[in-house]
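Peer 1: Here it is, the structure in full.
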Amino acid sequence: MSAAKCVTPLESWPAKPAAERRQPPLGPQPVPDAPRVPELRMAPLLVPAQPRRFVRVPTHAVGVLPEHREYPRATLNLPLRLRSTGGVPEEFPVTLVTRNISSTGVYFLCPRQLAVGASIELEIVLVSRPLGLGNVVVATMAHVCRREPAAMPGWFGIAAAFDDVQFDRDDRIPSRYLKP
């Protein structure tokens, strides 16, 4: 077999001979400043006047949407169950999936059109251990902040803000960790 295309090597030569190149300046050179480290800012994590919320979502372990929000959102697809809307319990709770979640709210797709300001009850599964104990579920009351049509016909994107958050576990917590 013979090659159809021939390759010619190219060599890069300096434009000026070595004698004409600039010599570095003689004498002491200034040292660039060391990068500054930002100061740490201390803020309280929980304020007793507000309802219970997540302290923080571990956004270092999951993707964060490129936004400058006070509470960053983590793009997590967690199972979510819609238990009641407007104080009326669902006969058959709808199981959905979250799109993103933060310490103050959640965004999910829903096949029902929920009114803005409506009170809803949600269960979000944070940890699921199908073969043993250790499941962690967030049971929360929330209200709908925003509703927008989704790409799927008949579905809506629902943004809800948490009013109160409670964690439920199916395993026994040792008594030494319980408050007296």
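Any read-out appearing in this document is the output of simple, stated calculations on the displayed coordinates, not a laboratory observation. As the structure is a prediction and not an experimental result, all values here were calculated from the model.
Peer 1: Can you list the residues, at least 5 places off or on another chain, whose amide H is less than 5 Å from the amide H of ILE120, using H built in the peptide plane?
Peer 2: Under 5 Å from the amide H of ILE120: GLY86, ALA142, HIS143, VAL144.
Peer 1: What residues qualify as long-range amide H neighbours of LEU78, i.e. H under 5 Å apart, gap of 5 or more or another chain, H built at 1.01 Å from N?
Peer 2: THR98
Peer 1: Mind listing the phi-derived Karplus ³J(HN,Hα) values for segment 134-147, rounded to whole Hz, using 6.51, -1.76 and 1.60 with θ = phi - 60°, and x for any glycine or proline?
Peer 2: Working through the residues one at a time gives x, 5, 10, 10, 9, 9, 9, 9, 9, 10, 6, 9, 8, 9 Hz.
Peer 1: Give me the one-decimal Kirkwood hydrodynamic radius in Å for segment 98-180, with the sum taken over alpha-carbon pairs.
Peer 2: Evaluated over segment 98-180, this radius sits at 14.4 Å.
Peer 1: Sticking with this structure for a sec: I need the phi-derived Karplus couplings for segment 153-165: 6.51 cos²θ - 1.76 cosθ + 1.60, θ = phi - 60°, integer Hz, Gly and Pro marked x.
Peer 2: x, x, 10, 9, x, 10, 9, 10, 9, 6, 9, 8, 10
Peer 1: Under a 5 Å amide H to amide H cut-off, with H placed in plane at 1.01 Å, what residues pair with VAL94 once short-range neighbours are removed?
Peer 2: Long-range HN contacts for VAL94: LEU82.
Peer 1: Let me ask something additional. Need one word for segment 121-160: rounded, prolate or oblate. Basis is the Cα gyration tensor (sqrt eigenvalues a ≥ b ≥ c); a/c below 1.5 gives rounded, then a/b vs b/c decides.
Peer 2: Judged from the Cα gyration tensor, segment 121-160 comes out oblate (a/c at least 1.5, b/c at or above a/b).
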